[in-house]
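None of the figures in this text is laboratory data; all of them are computed from the coordinates on show. Keep in mind that what you see is a predicted model, and the values were worked out from it rather than measured. Every residue, glycine among them, receives a Cβ derived from its backbone with ideal geometry; neighbour counts consider all protein chains shown.
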Amino acid sequence: MPLLPASPPPVPHSGAVSTSADSAPTASTEPASTAPGAGLLIRASRALVDGRIGPAAILVRGDRIAGVLPVDTPGDGTAEHVVGPDLVVLPGLVDSHVHVNDPGRTDWEGFPTALRAAAAGGVTTIVDMPLNSIPPTTTPEALELKRAAVGVPLIDVGFWGGAIPSSLGKLDALRDNGVFGVKSFLSPSGVDEFPALDPDQFAAMMTECARLDLLAIVHAEDPELLTGGDRPLGHHYRPFLNSRPPVAETSAVARVIAEARRTGARAHVLHVSSGDAVDMIRAARADGVRITAETCPHYLFFDPADIPDSATVFKCCPPIRGGDDRDHLWEAVVSGDIMAIVSDHSPSTRELKDRGDGDFGLAWGGIASLQLAFSASWTAARGRGISLETLLPRHTTGPADLAGVVDVGEIRAGALANLIEFAPDEVHRVDAARLEHRNPLTAYNGEDLYGVVHRTMVRGEVVYDTAGADPFTGAHPGRLITPVVRTPAA
Ligand SMILES: [Zn+2]
């Protein structure tokens with residue numbers, strides 16, 4: 001196995017390993033008074049700081065934000081970059097639900113293409129899902145293969161581990177090697193090498209996670225209530241939607257809540273698509289159960305009535321429900337009952353999407369959207385009168401907090417200098433062939449979306465800038481990240 005300069009050593013559970021390598025966060029604002037070239041002062045008429053958009057001067061030194069100053073702070077020889085009034089400086093986005101499929105299925109996606117798509121979409125940190133790569137990330141050895149596959153990353157990359165029947169009883173090895181938590185399925189995952197847990201196995205996993213203080217992230221659909229299976233369902237979307245009813249989701253969520261309550265383990269429900277499931281999670285939280293929820297832009301953006309026949313690029317599980325469920329999800333996004341909006345970027349080849357010639361039962365399920373997730377959710381939010389300030393935490397601190405990624409998602413002194421310049425009122429028409437994704441397949445093809453990312457900075461270095469002939473600058477300042485292990489409060 002090649003030795004990688006960016007690869008961290010295995011993480012001892014007792015050691016405090018942070019995303020920040022050695023440099024400790026500075027809590028105070030430093031004066032901008034070092035030698036010329038030692039830092040960069042970014043002057044913006046609009047920057048999102050402390051939850052509000054306003055003028056600010058952001059001092060970057062090394063890989064960190066050294067201070068957030070009044071916009072008219074006099075220059076002192078530090079290099080300056082002035083951001084135009086049509087752009088808002090935002091913290092880099094965090095996407096904790098991305099299937100990169102590398103190694104093993106790099107014809108579906110791979111780290112080089114996925115990380116370019118992320119940077120172009122304003123995402124500066126991803127956490128990679130343990131399945132659809134071969135091998136799946138269910139052992140420490142597989143995790144090392146993942147790290148080797150990344151190489152020197154463009155942006156920061158962390159990993160989820162997988163809890164499948166054969167990894168039960170051995171989850172400590174994954175935890176000790178630096179995964180952010182473990183993913184399991186209650187229903188078939190879609191790939192043979194990542195089997196679901198049956199109810200007894202799921203209960204055993206939750207007991208183990210409680211003992212290890214390991215976050216359990218769960219694909220919650222009840223296989224007993226799914227009627228589709230792998231059989232043809234036809235070219236219309238509706239029979240596929242009906243084959244995965246909301247009750248399949250709520251039944252599985254009830255199981256996750258019951259096990260989180262019984263064991264005290266922390267659980268997170270992935271890609272919630274049903275409003276009733278959100279209500280159950282909210283009630284459980286109010287009752288002290290340690291459970292959180294996320295949703296995805298496609299559940300917030302699309303309506304099933306608009307899905308054309310045979311358009312299997314829209315197939316994902318759980319399905320896009322639209323209507324009252326979509327309204328309900330938006331309420332929970334605004335209230336914070338849904339803490340994160342994540343892409344669930346789940347790409348595949350055209351061949352797999354065309355399996356069955358456009359039959360929704362036979363096609364691969366998964367929506368490719370890493371590069372578009374933020375502009376899609378911003379477009380839908382804007383249409384509902386929801387502000388950028390309200391939406392942004394669901395794409396930054398929400399996913400960071402759920403995974404436990406620190407020092408990202410905010411523009412403040414001490415945070416990593418992960419910054420994007422975003423034109424919220426600029427419209428672009430999606431052309432799947434021009435995206436950075438490995439395959440030109442996305443449900444958003446042809447959509448007019450608001451919001452264009454013009455510049456992406458990772459750890460103080462610009463990696464993407466649309467002003468360049470090639471927007472990718474060649475810098476690769478990303479790191480492979482692992483969780484900070486917190487000492488329990490006395
Ligand atoms: Zn997923």
Sequence of Y237, Y299 once ranked by neighbouring C-beta atoms within 10 Å, starting from the fewest: Y237, Y299
Mean residue ellipticity (222 nm) of the chain, computed from DSSP H runs ≥ 4 via -39,500 (n - 2.57), nearest 500: -7500 deg cm²/dmol
Ellipsoid equivalent to the chain - semi-axes via the Cα gyration tensor, in Å: 35, 26, 21
Dipole of the chain, positive direction: furthest Cα of L197, P112, G361, with charges on the beta-carbon: L197
Percent antiparallel among DSSP beta bridges (both partners in the chain, rounded to 5): 50
Spacing of the two label points (7 Å from each Cα toward its C-beta) at D287 and I134, in nm: 4.3
Lys, Arg +1 and Asp, Glu -1 on Cβ, resulting dipole of the stretch 70-149 about Cα centre, debye, nearest 20: 320
For K170, K353, K183, K315, order by how many other beta-carbon atoms lie within 10 Å, fewest first: K170, K353, K315, K183
Backbone HN-Hα couplings from phi across the stretch 391-403 [Karplus 6.51/-1.76/1.60, Hz, Gly and Pro as x]: 6, 3, x, 6, 9, 10, 5, x, x, 5, 5, 5, 7
Residue order, fewest to most beta carbons within 10 Å, for V71, V179, V60: V71, V60, V179
Derived scalar couplings ³J(HN,Hα) [the stretch 419-433; Karplus, 6.51 cos²θ - 1.76 cosθ + 1.60; whole Hz; x for Gly, Pro]: 9, 10, 10, 10, 9, x, 9, 7, 9, 10, 8, 6, 10, 4, 5
For the stretch 221-235, Karplus couplings with θ = phi - 60° (6.51, -1.76, 1.60), whole Hz, Gly/Pro x: 9, 8, x, 5, 10, 8, 9, x, x, 9, 9, x, 10, x, 8
Other-chain or far-sequence residues with amide H under 5 Å of H454's (modelled H): E421, F422, A423
Extension gain from S387 to D470, taking 0.36 nm per residue of separation minus the Cα-Cα distance: 26.7 nm
Spatially near lysine pairs across the chain, Cα under 22 Å, sequence gap of 8 or more or different chains: 5
Degrees, to the nearest 10: 140-150 long Cα axis against longest axis of the chain: 50
Cβ-placed point charges (K, R +1; D, E -1), dipole of the stretch 192-317 about Cα centre in debye, nearest 20: 360
Euclidean distance between Cα centres, the stretch 401-441 to the stretch 73-100, Å: 11
Net charge dipole size for the stretch 92-407 [Lys, Arg +1 and Asp, Glu -1 on Cβ; Debye, nearest 20]: 280
Sites E331 and E144 - FRET efficiency at Förster radius 41 Å, r taken between beta-carbons, to 0.05: 0.45
Alpha carbon centroid spacing (whole Å) that separates the stretch 125-177 from the stretch 181-217: 14
Gain upon complete extension [A433, D230; 0.36 nm per residue less C-alpha separation]: 70.2 nm
Amide proton proximity set for D128, modelled H, under 5 Å, gap of 5+: G158, F159, W160
